[in-house]
Amino acid sequence: MIFNTHNKAIKVNEVKTIPPSLALNSTTHWLLLVSQLINFSLIMAQLTSWMLALIALCLLWQSAILAGLFKRPVSGVLFIIAILGCIALAISSQTLGLLLTMVHLLAFAYVLKTLELKKRGDFYQLILIGLFLNASAMIFDQSLAFASLLIFAILVNVSVLFSFFLLHENNLQDYSFPLKGAAKLLLQSIPLTIILFIVFPRLAPFWQVPLAKSAKTGLSEQIAPGDIAQLIKSSDLVFRVSFSNNTPAFNQLYWRALVLENYDGKQWSRLSERSVEDVLANLELNPINYQATQGESTVYQVIAEPSYQHWLYALPVAQVTQAQIVMLPDYTLLTKQPITQTMSYTVGSYLQTPMDLSLNEGKKARNLALPEQVNPKLRAKAQTLRAQYHNDEAIIQQVLNDIRQKSFSYTLKPPPLINNSLDQFYFETRAGFCVHYASSFTFLMRAAGIPARVVTGYMGGEYNRNGNYYSIYQYDAHAWSEVWLAGKGWVRVDPTAAVSPERVEQGFSSALFQQQAALNTDIFNLQNYRHIAWLNFFRQQLDALDYQWTRWVIGYNNKRQLDLLNRWFGHFSLWKLATIMALAIASILLWLWLTNRSQKIKPNYPLWQKNYLTALSLLADKGVQKVPQQSFDEFAEQVMKYLPKVGVSFKKLSQTYKKLHYQALSAEEKQPLLAKHRQYFKQFKRQIKTIKK
Amino acid sequence: MESLIHAALAQINTVILGKKTETQLALACLLAKGHLLIEDLPGMGKTTLAQALAKTLGLSFQRVQFTSDLLPADVVGISIYQPEEQAFKLHKGPIFSQLLLADEINRASPKTQSALLEAMEEKQVSIDGVTHHLPEPFFVIATQNPLFHAGTYPLPESQLDRFMMRISLGFPSVEAEKQILNGQGNGQLSNLKAVLTLAQLLTLQQQVNNIYAADSILSYVIGLCHLSREADFSGNPLSPRAAKAVLQAAKAWALIAQRDHVLPEDIQAVFTAVTQHRLSSGFNEVSTQGQSLSEQILMQLDAATF
């Protein structure tokens, strides 16, 4: 159905068009309500509780109106609510951040617009806002599961529109029909979607998308014994890795994220509290000389989930070529922008290459520094060890043996420590997890005069056979030590391996998983049901599917697009692509415009009628409109009066049209008349162009 | 031939002053073989118009004044026993004429009205079981007073539908009224001569049928009628008979305009007269509602789009 509102001069038979005033039947109304519920439930996680309450109230109001309990509110009431809501939003925008404020505003507009459905235009606007809300929900979650939910939501939204059009065809009571129609429509749009997805140029946005002010997840820049326990409760995905060659053994999968060199007696932290900008600026001033790499590299692709932090995960010694990733002197990786969307990067790691064969004095001092008067017992122990052994490696072995032989235990629920005292852990409780062991070990090493530091990151990962990749979850968070040995550089020592070798050999044991599951309160998380074999299989299949989705759909950026198009069509540049797309879109628009025009003037009209109608619309543009019941001659007189420039030619055009259209003429009679008519039409068009409005 | 029509029109216009459109519509109605209903206040010249038409067209003319006690037999005739011949003899009523003027038709009882209206459609009457054909041509020109007048029986829609057109003369212009007061109008009625012979009239009626109506004209007429059949239209829907009447009247109008084909303006010219009494119903008939209903329809469609 085509809606022509601008051309009032030619009022095409309006018998089948929809009247401008809006009269929805109840089927459409209820479907609309359902679609709104679905749309809001998808964005719910991002909305504050007062906004949710407001939305619930408005939806209840709307259903009460539908049920006939209330009347529609007058626009004044809506206006006041809108103003109040906007004020509330403005007040809370400080804490929400720009992006979330905008999302709130959108949701607010969406729910208020429902109460103000008067015209057809209002209805279209409402549907459009709903679809836009759906699209903006995609900013916050891009997983396959969420995308499927979104597609369902879009289906419902489109079916509302569908039922709206259907109700003018016949009196519709059936809910399944619009749903079916919308599903068909969506299916038909799939090929176009795929083509656009592959080909449409992914230009950088013209403006900066405001960042979601979301809580940072994952590892933090400080760590104290007991901290990682919070992470271990969570079974959220952190990143996935697929190796393309030289897959290392499981116990080599130490994904380094942060190097913590500062110890204040309670917690370990990153070297000074410098911001990322400072770190980057410093790097530019003092570029690092990297160690020459040795051996073969292990190449793998990492797809990191959003953490809203800058730290990336890699095996040592990592080399990356992506521009937005920099390598820090401690061999960790950092992105210039925080990870707010799923991010993919490729790393080549040289596992055999030593880190920092030489250590300057400043660095050495930093990695030996210990605050006074903390953990005196450990300090004393270190000194006896130092007295006993001169060889650094012997001291390390001795400590590891100590941990192995004494009654240390690995548990996710360690007894609490007073003041984070490592003494208390090492000599009394002797139960803890990685951070306890790494902290104590590093402390001992430093006290014994061996440069040492704590490294946090993730250990191991779950191998997915279907997709040939590793998934690393939050509960894989790990902390270990690195000690610097002359001639070997930084060497990784994981004291946790001494107390719980299976943790680093196979990852979480089933006993640990049960512990972890008990800590995790989310009953819908499939991770908690690993012990049920078929469910675990099902979970892995789902995970593999999500991995492919993340890798190929979410990770399809402009670089990949260009690679793909280059492979298919030969040389392709971004601008070439953009130009071709712009041309394609322009031609489609032109085609739509032309068909729209020719639909306005029905295609089966004879030429003279088309010409006459075109002339009418041209005249209407100049302000002279034909009233429907006006006769052709009367109108020609009117044109003669108001637009004398075209008067004569229009009169002749009108007369020839009348003859051609209404007289019974033979083909021979028609021919010369038509020639004249064409001539008059040309003349008319030429003349009307010279008239200004 | 066309000059005859214009001579006839000119002659009628010497009697009915300043009403060129109305007289032309009345003539078009008769040329299209339709019956004519003239509705107006008393004293507006309804009867004069009917008489002028009859005289000008050279038709045998009868007039019946309808009253509430008029019986069907008074219109169609009755068989009366003739003692001298010892047989019943049919006394034909005024209906056996070429042009019947049914004056103030809505003052008669429905029984009498329907006796006349049946004859209008069938062109025959049955008296005592014997069917009598009415003369050819057969026209009825009925006049009626507005419904709000005392002692009127409204014509049912089905019977209104039998009239091709309903026209109103309306008040004359100041100029015309002065001429009437000077005695220039009515007085000349007796001087009118027949302009057309019967044969010429029949030929003209045949010519109306031969007028060409393009397909787009038919679509236009149908489109107009369809509008009256929409659910949200407040008047009565137009029947196919009404659509046919519109086209036929338009053809007659085209003939009077000396054209061999119908133009949309012909449709527009006759549309109100042909449809107004069909669209409106009952007591709002006398208001301008019927008029505005048909105009509403005309305003919604542009003939150029057909």
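Average accessible surface for chain A: 50 Å² per residue, computed with a 1.4 Å probe over protein heavy atoms with every protein chain in place.
Buried accessible surface for the B/A chain pair comes to about 1900 Å², total over both chains, computed with a 1.4 Å probe. A Förster radius of 25 Å, combined with the Cβ-Cβ distance separating B:S173 from B:Q65, puts the computed FRET efficiency at roughly 0.30.
Which residues does a label at B:N13 reach in the stretch B:254-274, if reach means a backbone N under 15 Å from a point 7 Å past the Cα toward the Cβ? B:256-258, by backbone N distance to the label point. What's the FRET efficiency of A:L590 with A:S189 using the Cβ-Cβ distance as r and R₀ = 35 Å, to the nearest 0.05? Efficiency at R0 = 35 Å is approximately 0.95. Over chain A, DSSP H runs of length four or greater, each weighted -39,500 (n - 2.57), average out per residue to a 222 nm ellipticity of -16500 deg cm²/dmol. For chain B, the longest principal axis of the C-alpha atoms and the axis of helix B:240-256 are separated by about 80°. The listed residues A:E502, A:E284 rank as A:E284, A:E502 when sorted by accessible area, largest first, using a 1.4 Å probe. For B:F88 and B:H133, a Förster radius of 22 Å and the Cβ-Cβ distance give a FRET efficiency of 0.65, rounded to the nearest 0.05. Straight-distance candidates among the aspartates and glutamates for linking to A:K381, with alpha-carbon spacing under 14 Å and chain neighbours fewer than 8 residues away dropped: A:D402, A:D423.
Ranked from largest, the principal axis spans of the Cα set of the stretch A:566-662 equal 66, 27, 21 Å. Eigen-decomposition of the gyration tensor built on the alpha-carbon atoms of chain B gives equivalent ellipsoid semi-axes of 31, 23, 21 angstrom, largest listed first. How would you classify the stretch B:1-153 from its alpha-carbon gyration tensor, with a ≥ b ≥ c the square roots of the eigenvalues: rounded for a/c under 1.5, else prolate if a/b is greater than b/c, otherwise oblate? Taking the square roots of the gyration eigenvalues as a ≥ b ≥ c, the stretch B:1-153 is oblate. Multiplying the residue separation of A:S143 and A:S176 by 0.36 nm and subtracting their alpha-carbon distance yields 9.0 nm. Taking the longest Cα principal axis of chain A as reference, the axis of helix A:558-569 is set at about 60 degrees.
With 5 Å bins beginning at zero, the pair-distance distribution over Cα atoms of the stretch A:327-420 amounts to 2, 7, 10, 14, 15, 15, 16, 12, 6, 2, 0 %. The relative contact order of the stretch A:26-199 comes to 29 percent, based on Cα pairs under 8 Å that sit 6 or more residues apart.
Using a simple spin-label model with pseudo-atoms 7 Å out from Cα toward Cβ, A:M581 and A:R686 lie 4.5 nm apart.
Here the scattering of the stretch B:84-213 is modelled by Debye summation over its C-alpha atoms, one equal scatterer each and no solvent; at q = 0.11, 0.14, 0.20 Å⁻¹ the log10 of I(q)/I(0) is -0.61, -0.94, -1.29. Counting only aspartates and glutamates at least 8 places from A:K576 when in the same chain, those with an alpha carbon closer than 19 Å to its own are A:D563. I'd like the trypsin sites (Lys or Arg not before Pro) in the stretch A:384-486 restricted to DSSP loop residues with at most 12 other Cβ atoms within 10 Å, sorted by number. Hits after loop and neighbour filter: A:K406, A:R465. Extension gain for A:W50-A:K645 works out to 207.7 nm (0.36 nm per residue, less the C-alpha to C-alpha distance).
Which longest uninterrupted range of chain A lacks any chymotrypsin sites (Phe, Trp or Tyr not before Pro) assigned by DSSP to a loop state (not H, G, I, E or B) and surrounded by at most 12 other Cβ atoms within 10 Å? Between the exposed loop sites, the longest stretch runs A:208-523. For the stretch A:485-490, the Karplus equation 6.51 cos²θ - 1.76 cosθ + 1.60, evaluated at θ = phi - 60°, returns couplings of 10, 4, x, 10, x, 6 Hz by residue, with Gly and Pro reported as x.
Under the criterion of Cα pairs below 8 Å and six or more residues apart, the relative contact order for the stretch A:601-689 equals 32 percent.
The charge dipole of chain A, taken about its Cα centre with unit charges on the Cβ of Lys, Arg, Asp and Glu (plus for the first two, minus for the last two), comes to roughly 4260 debye. Cross-linked pairs A:K610/B:K33; B:K20/B:K251; A:K651/A:K692; A:K119/A:K641; A:K119/A:K685: Cα-Cα separations exceed 27 Å for A:K610/B:K33; A:K119/A:K641; A:K119/A:K685. Short to long, the 20 Å bins of the Cα pair-distance histogram for the protein assembly as shown hold 10, 26, 22, 16, 13, 10, 4, 1, 0 percent of all pairs.
Solvent-accessible area of the stretch B:1-92 (1.4 angstrom probe, protein heavy atoms only): carbon and sulfur portion equals 53 percent.
On a per residue basis, the convex hull of the C-alpha atoms belonging to the stretch B:211-306 measures out at 88 Å³. Normalised per residue, the accessible area of chain B is 42 Å², obtained with a 1.4 Å probe and no contribution from ligands, DNA or RNA. For the stretch A:31-98 versus the stretch B:215-248, the spacing of their alpha-carbon centroids is 49 Å. For chain A, the longest principal axis of the alpha carbon atoms and the long axis of helix A:120-137 meet at an angle near 20°. Using alpha-carbon pairs under 8 Å, 6+ residues apart, how would you state the relative contact order of chain A in percent? About 13 percent, as a whole number.
The values are calculated or read from the model by the stated rules, or taken from the named source; none is laboratory data. Please read all numbers here as calculations on a predicted model, not as lab measurements. Heads up, the Cβs are rebuilt from the backbone with ideal geometry, glycines too, and the neighbour counts pull from every protein chain shown. To get the accessible areas, we keep the full protein, side chains included, count just its heavy atoms, and leave off ligands, DNA and RNA. Shrake-Rupley method; radii C 1.70, N 1.55, O 1.52, S 1.80 Å.
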